[in-house]
Amino acid sequence: MSPDGSRRTEDTLKHPQAYYSLAQSSAERHCNAKRDVQDILPASASAGHETTGCSKRRRRPGPKRKDWMPNPFGKYPASSSVKKYVEATRHFYAPSTLDERARKTRYIVGILQSLGAKQSPRDITQENVLAFLDWMDEKGLEGSTKRKMLHLLGDYLVFFGNKVLQRMIARKMVRVPSDPQKEVRHIPPDVIERIHNATRTMDDWEGAVARFVTMAYPYTGLRPSEMRRIEYRDVDLANWTMTVRHPKGERSYGRQRTVGIPALIREVFADFLEERRNYLIAHGAQETAEPLMPYLDKHGKIRCWPYQPLRNLKAKVESASGVRFKLKDYRSSFCQIAIDNGAPLEAVSKVMGHKTTKTTESYYGRMRDEPAIAEIEKAFSKPSARNLIPPVLESSQ
C-alpha cells in the first residue's frame with residue numbers, strides 16, 4: 001500500500017472507474033503469477049493441471065436430495081452385508097452354528113453374484129432367485145440341501161427388508177423341498193476302534209486329547225460343543241457320570257442333564273485324567289482347573305479347547321487312521337449302537353438331551369429293517385396271535 005493510501009481511497013470514491021481498473025489489474029497479476037508457476041513446474045506435475053488462462057473458482061455442490069444416502073454396505077457390499085447380518089444375529093445362534101451359517105451364506109451370495117445378481121441384498125430380484133434355483137437343479141443337489149440353502153437365503157434377504165423369496169413362495173413360484181427322512185450317517189464300532197488305535201501313534205498333549213475324544217464322543221453321545229465345555233467339577237468318578245452344564249440352546253430351550261460314562265471307556269477316561277494332571281503341572285496350573293479338556297492359548301492362559309483347534313486335531317486323526325469322518329457322526333453312532341444293542345429309544349433320547357423321540361429317530365438313529373422284521377415275526381409267531389385270524393379264513397385254509 002502506498003504512503004498516500006488515504007488519498008487513493010478518496011480518489012477511488014470520487015472516480016469509481018479507477019477502482020474497477022485497480023481490481024482488474026490485481027486479477028491480471030494473480031493470473032500471471034499462476035502462469036509463471038505452471039511454467040517452472042516439471043512436465044509430470046503439470047500434465048494433469050493444464051489450463052488456458054486463469055482457472056475459475058470451483059462451484060460448491062448443490063444441496064443433496066432428501067432421499068439421498070451413502071452406500072450402507074461400503075466398498076464391498078456383499079461381504080459387508082453378510083458380516084452385518086452375522087454380527088446382528090450373534091445372540092440368537094451358538095458360535096459354531098453362527099460360523100456355519102456365515103460360511104454358507106457367503107457361499108450362496110457368491111453363487112448369486114456369479115449368476116449376475118447385484119452385490120447389495122436389497123437389489124436381489126425375482127430373476128436372480130430363479131437363476132439360483134436353476135443352478136441348484138443343474139448341480140443335482142438333494143432336496144434337503146436345497147431346503148437349507150433356500151432357508152439361509154430367505155433369512156439373509158428378509159434381514160435387509162427384501163421379501164422377494166417369501167413372495168415367490170406365497171405365489172407358488174418356488175417349491176421348498178420337504179425334509180425327507182434320509183439315511184443316518186454313523187460309524188460302526190470296528191471303525192471307531194480303528195480310529196482310536198491310530199491315535200496311539202500321536203504324541204504330546206494333542207495325542208492324549210485325540211485318544212480321549214475318539215472314545216468319549218461315540219460312547220457318551222455328547223455334542224462336540226458340550227464335550228469341549230465340560231468342566232473338571234462336572235465329572236463324578238464315584239458314580240461315573242458327567243453333568244452337562246452348557247447344553248445346546250442353553251439360552252432358550254436347552255436344559256442341563258447327566259450322562260453316564262460306560263464301563264467300556266472308563267480305562268481310557270482314567271488314563272486321560274492322569275495325562276491331564278501331568279500337563280497342568282508342567283504348565284504351572286492346578287489339577288482342579290475348570291476345563292476337563294484344557295487348552296493353553298497363545299497368551300499362556302488355560303481355557304476350554306476351542307472349536308477350530310479341535311477340527312484341526314480331527315484332521316490329524318483322519319490322516320493317521322485313513323478314515324474320513326465328522327465329529328457329529330460320533331453322536332449318531334452312539335445312538336445307533338445303543339439301539340442295536342437293545343437300549344429303549346426313550347432312554348437314548350433322554351441321554352442325548354432330546355425333548356421327544358421324534359428328533360432321535362429322524363436324525364440320529366432308528367431300528368434297522370432286519371431287527372424290525374424279526375420283532376414282527378416273533379410277535380406273530382406267538383400262540384395268541386392265531387386268535388387274530390377270522391374263523392372263516394381259518395376253515396378255508
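So the values come out like this:
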{"item": "Yes/no for G249 being within 16 Å of E226 (Cβ to Cβ), in the same structural domain as L327 (by TED's automatic domain parsing) and modelled with pLDDT under 90", "result": "yes"}
{"item": "Candidate set from region 303-330 (those that are among the basic types (K, R) and under 20 Å from the mean Cα position of the chain (by Cα)); member that is modelled with the highest pLDDT", "result": "K314"}
{"item": "Considering residues of region 264-298 that are assigned to a loop (DSSP other than H, G, I, E, B) and among the small types (G, A, S) only, the residue nearest to N239 (Cα to Cα)", "result": "A289"}
{"item": "Among the residues listed as Y85, Y107, Y93, the single one being among the aromatic types (F, W, Y), surrounded by 15 or more Cβ atoms within 10 Å (Cβ to Cβ) and under 15 Å from L153 (Cβ atoms)", "result": "Y85"}
{"item": "Considering residues of region 226-253 that are within 25 Å of the chain's Cα centre (by Cα) and surrounded by 21 or more Cβ atoms within 10 Å (Cβ to Cβ) only, the residue farthest from R303 (Cα to Cα)", "result": "V244"}
{"item": "In region 209-242, the residues that are assigned to a helix (DSSP H, G or I) and over 26 Å from A198 (Cβ atoms)", "result": "Y232, R233, D234"}
{"item": "Number of the exception - K326 against (1) within 13 Å of I187 (Cα to Cα); (2) surrounded by 15 or more Cβ atoms within 10 Å (Cβ to Cβ); (3) not β-branched (V, I, T)", "result": "(2)"}
{"item": "Tally of residues being part of a loop (DSSP other than H, G, I, E, B) and surrounded by 13 or more Cβ atoms within 10 Å (Cβ to Cβ) across region 254-263", "result": "3"}
{"item": "Output for region 113-129, where each listed residue is without any contact (Cβ under 8 Å) to a residue 40 or more places away in the chain and either of a type in the set (A, V, I, L, M, F, W, C) or surrounded by 16 or more Cβ atoms within 10 Å (Cβ to Cβ) (or both)", "result": "L115, A117, N128"}
{"item": "Test for G353: is it small (G, A, S) and free of Cβ contacts under 8 Å to residues at least 12 places away in the same chain", "result": "no"}
{"item": "Filtered residue count, region 146-177, keeping only those that are farther than 22 Å from T89 by Cα and part of a helix (DSSP H, G or I)", "result": "5"}
{"item": "Answer from E142, E193 - the residue that is among the acidic types (D, E) and assigned by TED's automatic domain parsing to the domain that holds Q336", "result": "E193"}
{"item": "Residues located in region 169-204, provided they are surrounded by 18 or more Cβ atoms within 10 Å (Cβ to Cβ) and either free of Cβ contacts under 8 Å to residues at least 12 places away in the same chain or over 30 Å from K148 (Cβ atoms) (or both)", "result": "H196, A198, T199"}
{"item": "Test: residue in region 281-302 that is surrounded by 15 or more Cβ atoms within 10 Å (Cβ to Cβ), of a type outside the set (A, V, I, L, M, F, W, C), closer than 18 Å to G221 by Cα and within 28 Å of the chain's Cα centre (by Cα)", "result": "no"}
{"item": "Close pairs (7 angstrom Cβ cut-off, 6 or more residues apart or separate chains): in the same structural domain as D204 (by TED's automatic domain parsing) in region 272-286, exposed (fewer than 13 other Cβ atoms within 10 Å of the Cβ) anywhere", "result": "R277/E287; L280/Q286; L280/E287"}
{"item": "Which numbered condition H186 fails, given (1) at negative phi; (2) more than 25 Å from the chain's Cα centre (by Cα)", "result": "(2)"}
{"item": "Unmet criterion (only one of (1) farther than 21 Å from S80 by Cβ; (2) among the polar types (S, T, N, Q); (3) under 19 Å from the mean Cα position of the chain (by Cα)) for Q126", "result": "(3)"}
{"item": "Any hit, region 198-213, residues being in the same structural domain as N341 (by TED's automatic domain parsing), under 23 Å from K314 (Cβ atoms) and touching a Lys or Arg at 6+ places or on another chain (Cβ under 6 Å)", "result": "yes"}
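The values are calculated or read from the model by the stated rules, or taken from the named source; none is laboratory data. Predicted model only: the values in this text are computed from it and were never measured. Methodologically, a virtual Cβ is constructed for each residue, glycine included, from the backbone with ideal geometry; neighbour enumeration extends over all protein chains shown.
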